[in-house]
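*Asks:* Have a look at this one.
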2 protein chains.
Amino acid sequence: EQYPQFVFNKAIVDATADIVCAYKPNSAFYEARGEKGMQELKMTFEYIQKKYPDIVTILDAKRADIGSTNEGYVKYIFDYLGSDMVTLHPYLGKEALLPFLKRKDKGCIVLCKTSNPGSGEFQDLKIKRLDSRLRGNDTGSADNKTMRLYEYIALQVSKEWNSNNNCMLVVGATYPEEMKKVRSLVGDMPFLVPGIGIQGGDIEKTVKAGLDSKKRGLIINSSRGIIFASKGKNFAEKAREEAKKMKDEINKYR
Amino acid sequence: EQYPQFVFNKAIVDATADIVCAYKPNSAFYEARGEKGMQELKMTFEYIQKKYPDIVTILDAKRADIGSTNEGYVKYIFDYLGSDMVTLHPYLGKEALLPFLKRKDKGCIVLCKTSNPGSGEFQDLKIKRLDSRLRGNDTGSADNKTMRLYEYIALQVSKEWNSNNNCMLVVGATYPEEMKKVRSLVGDMPFLVPGIGIQGGDIEKTVKAGLDSKKRGLIINSSRGIIFASKGKNFAEKAREEAKKMKDEINKYR
């Protein structure tokens, strides 16, 4: 087979397209295979967009550089691959990320509270509260003159970065209490939620913590739990079963 | 010409190899051109490593994902391209970045204070001082119970992340005062210094702020100012002149 990764992806997509709202390939695993991987990533995006134009595509690339350089990533992600959305690091600030943010036709999903066990090292730091935007919200801080870094990033993205109404936040399923706080700070801004499945996140807690005022607003992602549900020839069929099970469980708690 | 970017890079490298200590291609501009760009990036790394094995190669990729995913980036950057070093976002914490940090044969250059005008949005936030590691240092904070986020990241990388002695920090030439502070916090850890040239950083201020105790420790980078010094046929010759001028100026202030 000339394009084994594309053939695999196509089988997964065809088996799950009536169940899911989005596909989120991670750029790392394609880059690892060099130009061949990149080609198969592009084929995958093109296939989804042509055959299932109503399904959102997200490149999980966790990019962010200075402004002029981000123009290069915009070309790769939005123009070459044709992805609808991308995941981004907040650390360089809004000014650097403008090449992404100004693309009104595309979505910018900013890392806020990530799903990994060590995410608190910087994300949970207590910062001096800089303004009164948190007034009236319970941030859970013992001392009401501080807030957590991830909370401040959530506020900045929702109040300052989102003038084109094209921003979302990454909030891991492994931190439902933090998800509740972020939801209380940002209103109905949607979340991309990794961490279900192998990483240990719980669907019931996630849905209860994260739904917006219209009982919507979550793209809950399971990657390895679905695509590697079976290593046999029935991998696509098993992926469909897992995806359906997950969808039913999500809807049970809405 | 089948590989115009490679031909350009080769000419720049051959014209400057006796003047510089490192080359730092930025992944974004190659990714923007799809699998063709990736191929030319690989050819560039291979050329430098074969012809000039003593010169360090840095992929400016500003990556960072959760642990299992970083394994994919490690394959792309260190194994496929063969880069000696990579630039990384700190936001997910040490635990997530271990696949990079544990590569003792490779360098991890962590974003600390970036050169862009809006870098202060999060990097300059005042955080509650978490421990006594700053005691005896003047951090310049009005209030000695706080420190800046970028200062804390510098401390974490130098005290907690660097057990393989393979870490560096990105500190922009556009912020010499902040560079001075970082130098006072981390001892002789080397810095990668972007921001000279088009971005407005000053060589004299940078060298005076950033040298370590042995009057070394800085990789000062100019990208556009050197590779685009001339748009004519003499681009390589002009790049050499600019690189030489910059080296002489750096050495003048050591």
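*Asks:* Scan the range A:27-62 residue by residue and report those that are buried (at least 22 other Cβ atoms within 10 Å of the Cβ) and either within 7 Å of chain B (Cβ to nearest Cβ) or modelled with pLDDT under 95 (or both).
*Replies:* Of everything in the range A:27-62, those that are buried (at least 22 other Cβ atoms within 10 Å of the Cβ) and either within 7 Å of chain B (Cβ to nearest Cβ) or modelled with pLDDT under 95 (or both) turn out to be A:Ala28, A:Glu31, A:Met38, A:Lys62.
*Asks:* Additional query: For the condition out of contact with any Leu (no Cβ under 8 Å at 6 or more places or on another chain), buried (at least 18 other Cβ atoms within 10 Å of the Cβ), assigned to a helix (DSSP H, G or I) and on the phi < 0 side of the Ramachandran plot, what is the one hit in A:Val7, A:Val13?
*Replies:* Numbers: A:Val7 fails: buried (at least 18 other Cβ atoms within 10 Å of the Cβ).
Exactly one residue qualifies, and that residue is A:Val13.
*Asks:* So, A:Leu97, is that one surrounded by 24 or more Cβ atoms within 10 Å (Cβ to Cβ) and more than 8 Å from every other protein chain (Cβ to nearest Cβ) or not? Let's see the steps before the verdict.
*Replies:* On the way: surrounded by 24 or more Cβ atoms within 10 Å (Cβ to Cβ): yes; more than 8 Å from every other protein chain (Cβ to nearest Cβ): yes.
Considered against the rule, which asks whether it is surrounded by 24 or more Cβ atoms within 10 Å (Cβ to Cβ) and more than 8 Å from every other protein chain (Cβ to nearest Cβ), A:Leu97 comes out as yes.
*Asks:* With respect to B:Gly67, determine if the residue is surrounded by fewer than 18 Cβ atoms within 10 Å (Cβ to Cβ), of a type in the set (Gly, Ala, Ser) and within 13 Å of chain A (Cβ to nearest Cβ).
*Replies:* Values: surrounded by fewer than 18 Cβ atoms within 10 Å (Cβ to Cβ): yes; of a type in the set (Gly, Ala, Ser): yes; within 13 Å of chain A (Cβ to nearest Cβ): yes.
Yes: the conditions hold for B:Gly67.
*Asks:* Oh, and also: Taking B:Ala11, is it at the interface with chain A (Cβ under 8 Å from one of its Cβ atoms) and within 18 Å of B:Ser223 (Cα to Cα)? Step through it out loud before you land on a result.
*Replies:* Details: at the interface with chain A (Cβ under 8 Å from one of its Cβ atoms): no; within 18 Å of B:Ser223 (Cα to Cα): yes.
Answer is no for this residue.
*Asks:* Please verify whether the range A:128-141 includes one or more residues that are modelled with pLDDT of 95 or more, within 11 Å of chain B (Cβ to nearest Cβ) and surrounded by fewer than 18 Cβ atoms within 10 Å (Cβ to Cβ).
*Replies:* No: zero hits.
*Asks:* Here's another thing I want to ask about it. What pairs come out if I take residues in the range B:241-254 that are farther than 16 Å from B:Val193 by Cα and pair them with residues that are in a helix (DSSP H, G or I) whose C-beta lies under 6 Å away, six or more apart or interchain?
*Replies:* B:Glu242/B:Ile226
*Asks:* Here is a further query. Hey, A:Asp212 hits all of (1) surrounded by fewer than 19 Cβ atoms within 10 Å (Cβ to Cβ); (2) among the acidic types (Asp, Glu); (3) free of Cβ contacts under 8 Å to residues at least 60 places away in the same chain; (4) not in a loop (DSSP other than H, G, I, E, B) but one; which does it fall short on?
*Replies:* Result: A:Asp212 passes all but (4).
*Asks:* Name the pairs: first residue in the range A:150-163 and touching a residue at least 24 places away in the same chain (Cβ under 8 Å), second residue basic (Lys, Arg) and part of a helix (DSSP H, G or I), Cβ to Cβ under 8 Å, at least 6 apart or on different chains?
*Replies:* A:Glu151/A:Lys181; A:Gln156/A:Lys94; A:Glu160/A:Lys94; A:Trp161/A:Lys94
*Asks:* May I ask you to list the residues in the range A:74-86 that are at the interface with another protein chain (Cβ under 9 Å from one of its Cβ atoms) and either crowded, with 24+ Cβ neighbours inside 10 Å or not aromatic (Phe, Trp, Tyr) (or both)?
*Replies:* Looking only at the range A:74-86, we keep the residues that are at the interface with another protein chain (Cβ under 9 Å from one of its Cβ atoms), and these are A:74-77, A:79-81.
Selection gives A:Val74, A:Lys75, A:Tyr76, A:Ile77, A:Asp79, A:Leu81.
*Asks:* Looking at A:Leu185, A:Leu169, A:Leu192, which is the one that is modelled with pLDDT of 95 or more and in a helix (DSSP H, G or I)?
*Replies:* On the way: A:Leu169 fails: in a helix (DSSP H, G or I); A:Leu192 fails: in a helix (DSSP H, G or I).
Result: A:Leu185 is the single residue among A:Leu185, A:Leu169, A:Leu192 that is modelled with pLDDT of 95 or more and in a helix (DSSP H, G or I).
The values are calculated or read from the model by the stated rules, or taken from the named source; none is laboratory data. In this text the structure is predicted, and so the values were computed from the model without any measurement. Here the Cβ is made from the backbone with ideal geometry for all residues, glycine too, and neighbour counts use every protein chain on show.
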